[in-house]
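Some notes on the structure that comes next.
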Amino acid sequence: MILNELTHSELMVMKSVWDMGDEVSLSEIVEHVNAQFEKDWKPQTVSTFLTKLVKKNYLQLERKGKSWVYRILISAEQYQEYEMTGFFRFWGRGSVGRTLTALLREEEIEKDEIAKLRSLLDEMDDDTVL
């Protein structure tokens, strides 16, 4: 999947929408992005970023009754996968292990997540052709 690049500000707005879910209004997004990222953005500023996100096909603006709401077209998971793929393409395949090691040392991981990782690694080990 090829996605349009997001600026840091667009990503903050999009992250707020992902956190809140589908069908959110401008006022809800303004409140959330300002609280989450300690901003003091006015509705017009956020509206500008939302317009760009609509043009980049991350969101769709829809009429709901008398209000306008934003619907998610690209999920957070799709964006994360796109970003990680680009990261590893840029840095090379050898960086996967180093990156995972750094992440696992920094983040607390639940036991069930560890089990999933082990299972995935075992599965990949079985499928790998040397």
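The values are calculated or read from the model by the stated rules, or taken from the named source; none is laboratory data. Since the model is a prediction, treat every value here as computed from it, not as a measurement. Glycine also receives a Cβ, built like all others from the backbone with ideal geometry; neighbour counts cover every protein chain displayed.
General remarks:
- All positions within the stretch 58-82 that are more than 14 Å from the chain's Cα centre (by Cα) and surrounded by fewer than 16 Cβ atoms within 10 Å (Cβ to Cβ): Q60, L61, E62, R63, K64, G65, K66, S67, W68, R71
- Among the residues here, K52 does not qualify as part of a loop (DSSP other than H, G, I, E, B), in the same structural domain as L26 (by TED's automatic domain parsing), surrounded by 15 or more Cβ atoms within 10 Å (Cβ to Cβ) and in contact (Cβ under 8 Å) with a residue 24 or more places away in the chain.
- The listed residues are I2, I29, and the only one of them that is among the aliphatic types (A, V, I, L, M) and in a loop (DSSP other than H, G, I, E, B) turns out to be I2.
- For the stretch 104-116, a residue qualifies if it is in a helix (DSSP H, G or I), surrounded by 10 or more Cβ atoms within 10 Å (Cβ to Cβ) and modelled with pLDDT under 85, and the qualifying residues are L104, I114.
- The stretch 68-85, residues that are charged (D, E, K, R) and closer than 15 Å to E23 by Cα: R71
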